[in-house]
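Working notes, structure below.
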Amino acid sequence: MKHLLTLATFVVSVANMAWAYSGSVVAPTGQTIYYDFIDTACIITRPGNNIDNPWNNFTQPIGALTIPDSIVHGGTAYPVTHIAWYAFSGCSGLTSVTFPEGIVSIGGNSFRNCDGLTSISIPDGVLGIGEYAFYDCDALDLVDMGSGVVNIGEWAFSNCISLTSIVIPDGVTYIRDHTFRGCSGLTSVTMGNAVATIGNCAFMSCSFLQSITIPNSVTTIGGQAFYGCSRMDSLTIGGGVTNIGPSAFYLCNSLTSIVIPDGVTNIAASTFWGCSNLTSVTLPRGVLSIGNAAFMNCLSLQNFIIKTNLPPACGSNTFTDVPSTCVLTVPCGTLSNYVGVAPWSTTFPTKVEYCPEVYSVGVLSDNSSMGIATTNVGTEAEVEEDETVLLFAISKRGYYFDRWSNGSTRNPDTLTITSDTILTAYFANESGVPCDTVYIHDTIYVMQEGVDVAQIQAIKIYVEGGRIVVENAENMELKIYTVSGCLLATRRGTQHSLRFAVPTSGVYLVEVGGYAVRKVVVAG
């Protein structure tokens, strides 16, 4: 079996190789490209030592480039597995690049300032796209991102002003800081169902982005994440969000309404500053504080609905320039709590109470030996009319979630409550399911009796450098299985991340406390 190069080895080796290259080869499309070796694999690298202009004194490749599957050196064919840092940086004559199927990573800055590049198709085998990889590719209007991508570096597509849409694969858990910053032509973003964090400034100044749906898997929206998305008129924030950073929606002045999910306890400073067309805001019952200038210059606000019984603490200028005609709506029987308390008393001369219907919600498992069902408010609760709850079905090992009793197959799922509701989660035995189709609970949301829910929701599982990485699983038992059920490793989580080395590429199952948590694919 040939030795397969890991991303970790690649990163360390490239950092130590300076700008050396072992040779050049003519690509199938006629351009001269340069290569080097790490172990028994071949990487495509830059020819020069000046990273600001690595092709100085060399003939830049132009037109449509096809990178070969392998390169013969000294009579031996070496598979091409990586594009090195700065490999094609500044090659403005490139119009498209076809990658070989064996590519595992696209290095940082590798196509930076390739302002003639119009389209990129990234193979499914690629695990990582480095930081600044396609930075300032002005003409790039099509990116087909392979399903295997699990890591996209900071600034990777920043200032790709011609890019109009992007689909983020299901394996990506973190949209890093500045990843799509300045993609002013971006109109459509589809996030995979594993994204847990949207980083700082991730979509800053995406001025043509019209609507965004943040999936339930997301827990954190970073500071200035959507700063200056001035045409965004539709925003749906998933029920899993617990933290929204400062200025996250600053100057999103086409937004007309906002509903903040139940898990959010703090509205950070300047979060909605300058959202001048915002007419309606709904804050959940758990909000404890609202930061400085959070709703400053929301000039069209007409209805401010807050579901907490006691008025949250506010910073300076929280509601500056909110019109005095805006109506404050508070929970039934709590109006007196908001009277005489600044800035609630001064900003909102008109205050009313709302007394919504309250309905019971319950979830069951059709077979507790196969799996359990719960919600973000527990297995039984009373909730107000039109409140949205999150549904979770957690299969035990050897079984998979099949459907909810209302017919939905989404997991996790959301449900807006309009009546007394009881739902059942149905599970099935994995026996008879083909080995290449493994059905398990595929989300970071895992709940287990006796375990802190907040800790479980914080678990992150991903692949990096050919290893399975588990974060935030302190004092919890972790197991790695092959897809056929062979136990490879058992560890106890620590306060630091755990890294599991696996013997070969393939599909593995990661368990926490006996529950199937995540299916991961380790590429070679």
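The values are calculated or read from the model by the stated rules, or taken from the named source; none is laboratory data. These figures come from a predicted structure and were not determined experimentally. Counting neighbours? That spans all protein chains shown, and the Cβs are built from the backbone with ideal geometry, glycine included.
Within region 234-251, does at least one residue satisfy the condition of being over 20 Å from the mean Cα position of the chain (by Cα) and under 29 Å from residue 162 (Cα atoms)? Checking region 234-251: at least one residue is over 20 Å from the mean Cα position of the chain (by Cα) and under 29 Å from residue 162 (Cα atoms).
Applying the condition of being over 15 Å from residue 186 (Cβ atoms) and free of Cβ contacts under 8 Å to residues at least 40 places away in the same chain to region 137-149 and asking which residue is nearest to the chain's Cα centre (by Cα) yields 149.
As for region 286-294, it holds at least one residue that is over 21 Å from the mean Cα position of the chain (by Cα) and at pLDDT below 95. The residue that is nearest to residue 117 (Cα to Cα), counting only those in region 45-69 that are part of a loop (DSSP other than H, G, I, E, B) and touching a Leu at 6+ places or on another chain (Cβ under 7 Å), is 62. For region 84-100, the set of residues classified as within 22 Å of residue 124 (Cβ to Cβ), part of a loop (DSSP other than H, G, I, E, B) and out of contact with any helix residue (DSSP H, G or I) (no Cβ under 9 Å at 6 or more places or on another chain) consists of 87, 88, 99, 100, listed by residue number. In region 29-44, the residue that is farthest from residue 60 (Cα to Cα) out of those that are outside any strand (DSSP E or B) and in contact with a Gly (Cβ under 9 Å, 6 or more places away or on another chain) is 29.
Candidates in region 281-298 are the residues that are in contact with a Pro (Cβ under 7 Å, 6 or more places away or on another chain) and farther than 14 Å from residue 343 by Cα; of these, the one that is surrounded by the fewest Cβ atoms within 10 Å (Cβ to Cβ) is 288. With a requirement of 3 or more residues that are buried (at least 21 other Cβ atoms within 10 Å of the Cβ), in contact with a Pro (Cβ under 6 Å, 6 or more places away or on another chain) and modelled with pLDDT of 95 or more, none of the strands (runs of 3 or more DSSP E) lying completely within region 107-180 satisfies it. When 62, 51 are checked against the criterion of being touching a Gly at 6+ places or on another chain (Cβ under 8 Å), surrounded by fewer than 21 Cβ atoms within 10 Å (Cβ to Cβ) and among the aliphatic types (A, V, I, L, M), 62 stands alone in meeting it. Just one of the numbered conditions (1) outside any loop (DSSP other than H, G, I, E, B); (2) crowded, with 19+ Cβ neighbours inside 10 Å is not true of residue 322; which one? That leaves (1) as the condition not met. Considering every residue within region 85-95, establish whether at least one is under 19 Å from residue 464 (Cα atoms) and in the same structural domain as residue 32 (by TED's automatic domain parsing). Yes, region 85-95 contains a residue that is under 19 Å from residue 464 (Cα atoms) and in the same structural domain as residue 32 (by TED's automatic domain parsing).
Applying the condition of being touching a strand residue (DSSP E or B) at 6+ places or on another chain (Cβ under 8 Å) and hydroxyl-bearing (Ser, Thr, Tyr) to region 190-206 and asking which residue is nearest to residue 220 (Cα to Cα) yields 197. Looking at region 218-226, can you tell me whether even one residue there is within 12 Å of the chain's Cα centre (by Cα), outside any loop (DSSP other than H, G, I, E, B) and more than 23 Å from residue 461 (Cβ to Cβ)? Within region 218-226, not a single residue is within 12 Å of the chain's Cα centre (by Cα), outside any loop (DSSP other than H, G, I, E, B) and more than 23 Å from residue 461 (Cβ to Cβ). Being surrounded by 15 or more Cβ atoms within 10 Å (Cβ to Cβ) and farther than 24 Å from residue 274 by Cα, is that true of even one residue in region 338-353? Taking every residue of region 338-353 in turn, at least one turns out to be surrounded by 15 or more Cβ atoms within 10 Å (Cβ to Cβ) and farther than 24 Å from residue 274 by Cα. Are any of the residues in region 187-202 crowded, with 20+ Cβ neighbours inside 10 Å, more than 15 Å from the chain's Cα centre (by Cα) and modelled with pLDDT of 95 or more? Within region 187-202, none of the residues are crowded, with 20+ Cβ neighbours inside 10 Å, more than 15 Å from the chain's Cα centre (by Cα) and modelled with pLDDT of 95 or more. Please pick out the residue among 306, 244 that is closer than 18 Å to residue 344 by Cβ, buried (at least 22 other Cβ atoms within 10 Å of the Cβ) and of a type in the set (A, V, I, L, M). From the options 306, 244, the qualifying one is 306.
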